Structures are given as structure tokens and as C-alpha cells.
Amino acid sequence: MRSALILLISICIFLMPISLTINLYVDGKAKKAYFSLYLFRVIKIYGGYVTLYRFGIAFHLTKKKAVLLHFTEFLNTGKKFEITRGFRIRSYEQVSEIGSFASPEIGMTAAIAERIFTNFFRLYAVLRRGCKGFHADLLLHSGRDCWKFSAQLVVVFNLILLVLSFTKILLRKWGENKKNARKIRQKSE
């Protein structure tokens, strides 16, 4: 009886939906993007900021430590994000602030382009990712240079999905290593 109860609790934990909230704030003038990750909207997992450097993007983990990603590394990221396929978007909210002091038509053109991009993302989120709530606002400023963007994305997943995805990745790596070892052995013979 006790082992059946433990098994039932384990199954419930693996199937329980987990909510991950991603907050993003981009300030174009400061050239920084701040982010934070929360479980169930209250348990902070991580937060920091991102800046551009000459050859790529720098993720600042602490005041003295940063991870540098070269722009060429983004070309090979296709299979690395397969793990996110099982994530479902629960909700997405954004606010954009756009403005140009020198020429208001630049601000207006940027606002129109941003709105078009947001509408395409809305279609993707609702139709492909099952998003239940999507909200996007745009503030257009005249008489000042401004580009700010803030967003909150809530995704839902469960532990069984993560375990299966990591197992798939590990098996693929193991197969690749085995294939490479076989090639090396064949070359040495």
C-alpha cells in the first residue's frame, strides 16, 4: 500500500504542470536587456542582463562573470532548442515605447513595423503554441528619442517532458560519440 502511494505521488509530481515566467525589459538607449526567470510566478530562479559586444552577445551572470556567445554560434542552435517543443505558451504580454525626436516619421515607421511583427508572433503563439492570453500595447512618443520594450511570457511544461527531452539528447550524444569512436578506429586500422 505504501509503495503504491509513493508511486502515485511520483506520477503526480512528474505530470504536474509547472509554470515558468520569463520577464524581459530592453532599453535601446542603454543598449541593455534585463531578464528574470520565475517558477510559479513567485520563486525566482535567475535574473541578469544581456549586452552586445563586438563579436556577439554577453550574458552577465554576476558583476564579475559573463558568458560570451559569438554570433556564429547562433547559426548552429537549431537542435539545441528541441527541448522547448513541449512547452506551451499560457500567456504573453508586451509594451513597446517608440519615439524619434529628429523625425517623427521614423518613430511611426518603426511602430508600424513592430505592430506587424507582433501580429505575426500573435498568430504563431495562438495557433501553434496554444496561447490563451496575448496582449500587446504600443506607446508612440513624439519629441523624444525612445525605444523600450518589456514583455512577460508564461510557459507551462511538466517534469516528464524534461526527463524525456534530456534522455533523447543524451542518447543522441551517446550515438554520435559511438559513431565518432568507430570512425577513429576504422582510420587507425
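The values are calculated or read from the model by the stated rules, or taken from the named source; none is laboratory data. Keep in mind it's a predicted model, so treat the numbers as computed, not measured. Positions of Cβ are backbone-derived with ideal geometry, glycine not excepted, and every protein chain shown enters the neighbour counts. Heavy atoms of the whole protein, side chains included, go into the accessibility calculation; ligands, DNA and RNA do not. Shrake-Rupley method; radii C 1.70, N 1.55, O 1.52, S 1.80 Å.
Points worth noting:
- Single residue of region 112-134 satisfying the filter (more than 18 Å from the chain's Cα centre (by Cα) and closer than 30 Å to F101 by Cα) that is surrounded by the most Cβ atoms within 10 Å (Cβ to Cβ): E114
- Filter pass, I83 being modelled with pLDDT under 80 and either in contact with a Lys or Arg (Cβ under 6 Å, 6 or more places away or on another chain) or surrounded by 15 or more Cβ atoms within 10 Å (Cβ to Cβ) (or both): yes
- Among the residues of this structure, S142 counts as one that is under 30 Å from E105 (Cβ atoms) and open to solvent by 80 Å² or more (accessible area, probe 1.4 Å).
- Residue check for V95: free of Cβ contacts under 8 Å to residues at least 12 places away in the same chain, under 25 Å from L39 (Cα atoms), out of contact with any helix residue (DSSP H, G or I) (no Cβ under 6 Å at 6 or more places or on another chain) and surrounded by 13 or more Cβ atoms within 10 Å (Cβ to Cβ): no
- K31, sole failed condition from (1) over 24 Å from E93 (Cβ atoms); (2) of a type in the set (D, E, K, R); (3) touching a strand residue (DSSP E or B) at 6+ places or on another chain (Cβ under 7 Å): (1)
- For region 1-21, filtered to residues that are outside any helix (DSSP H, G or I) and among the hydrophobic types (A, V, I, L, M, F, W, C), the residue that is surrounded by the fewest Cβ atoms within 10 Å (Cβ to Cβ) is M1.
- Residues in region 55-67 that are under 22 Å from K29 (Cβ atoms) and either of a type outside the set (D, E, K, R) or at pLDDT 80 or above (or both): G56, I57, A58, F59, H60, A66.
- Neighbours by Cβ (under 7 Å, 6+ apart or cross-chain): first from region 8-31, touching a residue at least 12 places away in the same chain (Cβ under 8 Å); second open to solvent by 30 Å² or more (accessible area, probe 1.4 Å) and among the hydroxyl-bearing types (S, T, Y): T21/Y38; L24/S150; Y25/Y34; Y25/S150
- Within region 154-179, the residues that satisfy the criterion of being more than 30 Å from S19 (Cα to Cα) and open to solvent by 80 Å² or more (accessible area, probe 1.4 Å) are W174, E176, N177, K178, K179.
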